[in-house]
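Report on the following structure.
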């Protein structure tokens, strides 16, 4: 039900551009695919292709208790073709980060500052598109089509009063209307078409118009008239056929039956597969999985993780996986970002991070997780996550950090490169020699 | 080792009412005949997927609900000449009269919902004591302070409400409440699943310390296998209201004998980059406990099910000392797994 909610509830998105005093670069009715007519000039001079880059992203929540600084200047790069894992404890801002990328931060929250740059294959130049400066119409076309999201709780993500088929087909109807119209036209032109003459002409007129201008006023007027409204039926049938196809691909037995069922007929694992199917419907460039497996049982979680791995090889380019489970990260991700209290502490390749964690928080976190070959006592991190209404000054980890210095209490450390593709925000690595890990 | 609790064919069926007169049309067989021994001073882990009856078992032992059938034999430390009390047969007022209530306690999953938001911490912890003993308010306060220091909280925390605490501290309060009546047995129902990783370690260490200090016996109900590996000495695996395997934790992790245990253990995402598991992915979901599959309950999902699994129900049998499994092909499983999925 991602699309449904987004489309009918434009208020769900804060108008961040206005909030920070900037103006919108409004591009109404501009297709995201054809915005830049020069493909081929990809940001190839960068070596690896960036897909998503956030620069100093700041998101605040204005609550009664005060301003919650949920994201504190988060800068992050996700490359094409990687699985990026974002880990952290609850309340550290992982979810707010992805909501900010999609610009669906709910009401008391506002994206205050920063940039969210996306580099799609057909968007030329090294500059990319700054999502925070795009129109809401542009965002609607991006969401679920180029960037899509799998939510944590499948029960809440699916609409209980719509059939599974309709919910998956909705994606196609919204994002691929032109292609659907063309398939219907092709079917009408086929020699074995059974529809009688005047009806056929009428349908051809409708679909010819819809293929050219999907938002035409005439079509909108027709949708208000009970009988004429039926012109969409062949298109819906086609969308449903595609839905059956994609549901079948995700390893659900008898998809033809499932499409006519409602969410309550399915089990938790099946529901999560449907949510993934909705996200994958328009073959997105980036799939954001927000705690996609944390509410599932171990055996079902294994099924979903296997599915994601398989899809990574065949269907989707990049995954941004939000999780609190370091085990899931170790198994599925290529790169990992560790967040703490709205800050990004450390970003590294997964092997590097698990073998040589640099940030004190990452080290403590890795030691606090029970292992398969656990010996001796678990090391816990003393204290608890700070309240973000009144976060500690400087580095937010310093009250719990064993290496805290005077400097840590004053100013937040910048990101420093400590190895190949390995950045850390910690004063231990700026000027002084680093201590033994 | 001395047995503290002995469950014999324990059953708990929840009725499903329907029809015009709201009569019973079916029942959810949450726990369907389990035998389990809990020894004094140990920590027994109880794992399984959601809906397999782990929590129901725990609640039945502390008699939060009455079991449908079966016996729960409890052998108190300083009881009347060591004879066992059948908890399942006792009525609620008898439970209190025999002093059993205070000896068996429970810590619940989510501390946010298990602590009354309108009571001060002081009163939350004092409530079970007041129920058991008559103390003056000063004695009571000393007792509460004592308990708070046991779980790592201080006097300052006494006059606050639960919402003023973080998740970890709330769970500490819930533990303090559970140990307030000096119990010898605690049911820990997923005590860390609502907590963060860094806080989870604190609570696990606290529970371990308390066990040593107070000589407690734990039944640790969880679905998180790495946590249970860390804290418990023995492990029982449940599937659809039955125990399918029970053994020492290290034995079970090394060589499981039931295919379900195999799948469960291989399904853990291990936070270790060099560990590349050969994963046994089960197909399908857990069947409904209203109409569980006949014979072996696992046969619908079992990759090695044969004809006999669909006809005869396997019994929990010893495969080696201290290790019991309920599977018809328990001695072949290791070979079968190796053939089908490769080595672990």
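What follows draws every value from the coordinates through simple rules; no lab data is involved. Because the structure is predicted, anything quoted here is derived from the model rather than measured. Neighbour counts are summed over all protein chains in view; Cβ atoms, including those assigned to glycine, are modelled from backbone coordinates with ideal geometry.
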Legend entry - Where labels lie 7 Å past Cα in the beta-carbon direction, separation of residue A:409 and residue B:130 in nm: 4.2
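What is the mean number of Cβ atoms from other protein chains located within 10 Å of the Cβ atom of each residue in peptide B:217-227, rounded to a whole number? Before the final figure, lay out each step's value.
Working: counts 0, 0, 0, 0, 0, 0, 3, 3, 3, 6, 4.
Partner-chain Cβ atoms within 10 Å, mean over residues of B:217-227: 2.
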Legend entry - Anisotropy class of the stretch B:136-227 from Cα gyration tensor, a/c 1.5 cut: oblate
Legend entry - Fraction of beta bridges assigned by DSSP in the protein assembly as shown that are antiparallel (%, nearest 5): 65
Legend entry - Rounded to 10°, Cα long-axis angle of helix B:121-132 versus longest principal axis of chain B: 80
Legend entry - A:384, A:100, B:250 arranged by Cβ crowding within 10 Å, fewest neighbours leading: B:250, A:384, A:100
Legend entry - Nearest-ten-degree value, helix A:268-280 long axis tilted from longest Cα axis of chain A: 70
Inset, instruction - As a check on your grasp of the helix formula, calculate [θ] at 222 nm for the protein assembly as shown: sum -39500 (n - 2.57) over DSSP H runs of n ≥ 4, divide by the residue count, round to the nearest 500. - result: -9500 deg cm²/dmol
Legend entry - Relative contact order for chain B, counting Cα pairs under 8 Å that sit 6 or more residues apart, in percent: 19
Legend entry - Kirkwood hydrodynamic radius of the protein assembly as shown, Cα pairs, Å: 29.3
Inset, instruction - May I ask for log10 I(q)/I(0) of the stretch B:9-77 at q = 0.12 Å⁻¹, from a Debye sum over the Cα atoms as equal point scatterers with solvent left out? - result: -0.38
Legend entry - Inverse mean reciprocal Cα-Cα distance (Kirkwood Rh) of chain A, Å: 23.7
Inset, instruction - Ignore the peptide's own chain and count Cβ atoms of other chains within 10 Å of each Cβ in A:326-337; give me the average, rounded. - result: 3
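Regarding the stretch A:49-127, what whole-number volume in Å³ per residue does the convex hull of its Cα atoms give?
In the stretch A:49-127, the Cα hull volume divided by residue count equals 92 Å³.
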Inset, instruction - Would you mind getting the Kirkwood hydrodynamic radius of the stretch A:284-437 from its Cα pairs, rounded to one decimal in Å? - result: 17.2
Inset, instruction - Using only atoms on other chains, find how many Cβ atoms lie within 10 Å of each Cβ of peptide B:258-270 and report the average. - result: 4
Inset, instruction - Could you list A:175, B:275 in order of exposure, starting from the residue whose Cβ has the fewest other Cβ atoms within 10 Å? - result: B:275, A:175
Inset, instruction - Quick one: compute the contact order of chain A, relative version, from alpha carbon pairs under 8 angstrom and 6+ residues apart, as a percent. - result: 19
Inset, instruction - Return the tail of the calculated pair distribution for chain B, meaning the percent of Cα-Cα pairs more than 33 Å apart. - result: 32
Inset, instruction - Starting from the Cα of residue A:389, step 7 Å along the direction of its Cβ; do the same at residue B:255; then give the gap between the two resulting points in nm. - result: 5.8
Inset, instruction - Could you give me the radius of gyration and the Dmax of the stretch B:257-341, taking only the C-alpha atoms into account and expressing both in angstrom? - result: 14.0, 43
Inset, instruction - Summarise the long-distance tail of P(r) for the stretch A:164-247 by giving the % of C-alpha pairs beyond 16 Å. - result: 52
Legend entry - C-alpha long axis of helix B:137-150 to longest principal axis of chain B, angle in °: 40
Legend entry - Footprinting exposure proxy for A:294, B:137 (fewest neighbouring C-beta atoms within 10 Å first): B:137, A:294
